[in-house]
Amino acid sequence: RDRRAGPVDRPRALIGAVRAFARRYLPDDGPVCVALSGGPDSLALTSAAVRAGLSVEALVVDHGLQSGSAAVASTAAATAESLGAQARVLTVVVGSDGGLEAAARSARYEALEAAREDRPVLLGHTLDDQAETVLLGLARGSGPASLSGMREWRPPWGRPLLGLRRADTVAACAAWGLSPVDDPHNSDPRFTRVRVRTEVLPLMEDVLGGGVAQALARTADMLAADSDVLEELSSELLDRARGPEGLSVAELAVVPEALRTRALRRWLRDDDEVGELSSRVMAAVDALVVDWHGQGPVAVGGDRRTRRVVARRGDLLEIDSTDR
């Protein structure tokens, strides 16, 4: 859209973004769900989706993490219904695995998956969220798959607003007379993403003279295109290398590292007992292919009683379990 456009154009920009998304990815014009938190991004998306002519059910997840969360969820659902959408509140229990933020996210997505009934789910992520995601991936030393950020469409999840700013959704809510909920977690400095949003990115914008969020989002777009090609090629490589007993070292050893390591990662992720695949673990597995000198198996997961390992036997890589 025209970045010189004033606030009065922002509602139109949101509706246009949803319509363009629907034309590109939802040609059957069927019903959709919108994940509605009650905040400005998801509330503006719900309104824009209805105004774009989509049949919408808003799914409001109540995480139960704050006092009065049920009332907040109920209000968000009522607001969606006043806009012309159907609405449903999904109550979840948040565990503790991976920390509060990760556990809440897992519970939320599980609830949305269970409730969507084969319909796509639209999420209110904006360009600002994309920039934060890329910056966090960069700080963690993640690979291209992480740095390519969130995808506009990865069925069943759709993000029509990735090209728009958070300020656009706030302005659209104001123009439509909507009152978003202010989630305290979105300003809680205990969460790394909040500090990136409120401290790191503003500092980078100041030091570098602006345009940082847009540049990070462009980086994600470029890396996503490259990553898609590499993923397709690595999938074909894995099909060639995979046999009934394991992976053919001969097939893997003659291809570039970028393809080989992707194929190895795909192969390992197919095993439910394989754990987190750090860069150190992947380097050790790759060495079984390209730097073989008789080294022992590489641990890749397991439980208290057994270890899941990758071992080389002759020209094959195999996944086995061994006693601890």
So, in segment 279-301, of the ones that are open to solvent by 40 Å² or more (accessible area, probe 1.4 Å) and under 31 Å from the mean Cα position of the chain (by Cα), which residue ends up nearest to Ile319 (Cα to Cα)?
-> Ala299
Single match in Gly98, Gly64, Gly16, Gly30 (criterion: modelled with pLDDT under 95, surrounded by 14 or more Cβ atoms within 10 Å (Cβ to Cβ), of a type outside the set (Val, Ile, Thr) and not in a strand (DSSP E or B)) = Gly64
Can you tell me which residues in segment 119-142 are within 21 Å of Arg262 (Cβ to Cβ) and either touching a residue at least 40 places away in the same chain (Cβ under 8 Å) or open to solvent by 50 Å² or more (accessible area, probe 1.4 Å) (or both)?
-> Thr133, Val134, Leu138, Arg140, Gly141
Scanning segment 272-291 for residues that are more than 16 Å from Arg307 (Cβ to Cβ) and of a type in the set (Gly, Ala, Ser) gives Ser279, Ala283, Ala287
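Per-residue answers, yes or no, for (1) under 25 Å from Val229 (Cβ atoms); (2) of a type in the set (A, V, I, L, M, F, W, C); (3) touching a Leu at 6+ places or on another chain (Cβ under 9 Å):
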site: Arg260; (1), (2), (3): yes, no, yes
site: Leu268; (1), (2), (3): yes, yes, yes
site: Gln295; (1), (2), (3): no, no, yes
site: Thr306; (1), (2), (3): no, no, no
site: Arg313; (1), (2), (3): no, no, no
site: Leu316; (1), (2), (3): no, yes, yes
Regarding Val181, is this residue modelled with pLDDT under 90, surrounded by 15 or more Cβ atoms within 10 Å (Cβ to Cβ), aliphatic (A, V, I, L, M) and within 19 Å of His125 (Cα to Cα)?
-> yes
Mind listing whichever residues of segment 172-204 are under 20 Å from the mean Cα position of the chain (by Cα) and in a helix (DSSP H, G or I)?
-> His185, Asn186, Thr192, Arg193, Val194, Arg195, Val196, Arg197, Leu201
Filter segment 101-111 down to residues that are under 12 Å from Val61 (Cα atoms) and not charged (D, E, K, R) and give me whichever is modelled with the lowest pLDDT.
-> Ala104
State yes or no: is Arg88 touching an Asp or Glu at 6+ places or on another chain (Cβ under 9 Å), basic (Lys, Arg), modelled with pLDDT of 90 or more and open to solvent by 70 Å² or more (accessible area, probe 1.4 Å)?
-> yes
Looking at Ala283, Ala299, which one is over 19 Å from Asp239 (Cα atoms) and in a strand (DSSP E or B)?
-> Ala299
Tally of residues being in a loop (DSSP other than H, G, I, E, B) and surrounded by 15 or more Cβ atoms within 10 Å (Cβ to Cβ) across segment 257-277 | 1
Qualifying position, being in a helix (DSSP H, G or I), β-branched (Val, Ile, Thr) and open to solvent by 40 Å² or more (accessible area, probe 1.4 Å), among Val93, Val72 | Val72
What pairs come up if the first residue lies in segment 246-261 and is under 20 Å from Val309 (Cβ atoms), the second is in a loop (DSSP other than H, G, I, E, B) and not hydroxyl-bearing (Ser, Thr, Tyr), and their beta carbons are under 6 Å apart, counting only those six or more places apart or on different chains?
-> Val249/Asp315
Evaluation of Arg116 against (1) buried (at least 17 other Cβ atoms within 10 Å of the Cβ); (2) out of contact with any Leu (no Cβ under 8 Å at 6 or more places or on another chain) (one fails), failing number = (2)
Give the residues of segment 43-61 that are of a type outside the set (A, V, I, L, M), under 22 Å from the mean Cα position of the chain (by Cα) and open to solvent by 10 Å² or more (accessible area, probe 1.4 Å), sorted by residue number.
-> Glu57
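The values are calculated or read from the model by the stated rules, or taken from the named source; none is laboratory data. Since the model is a prediction, treat every value here as computed from it, not as a measurement. Neighbour counts run over all protein chains shown; Cβ positions are idealised from the backbone, glycine included. The area values use the complete protein model at the heavy-atom level, side chains included, leaving out ligands, DNA and RNA. Shrake-Rupley method; radii C 1.70, N 1.55, O 1.52, S 1.80 Å.
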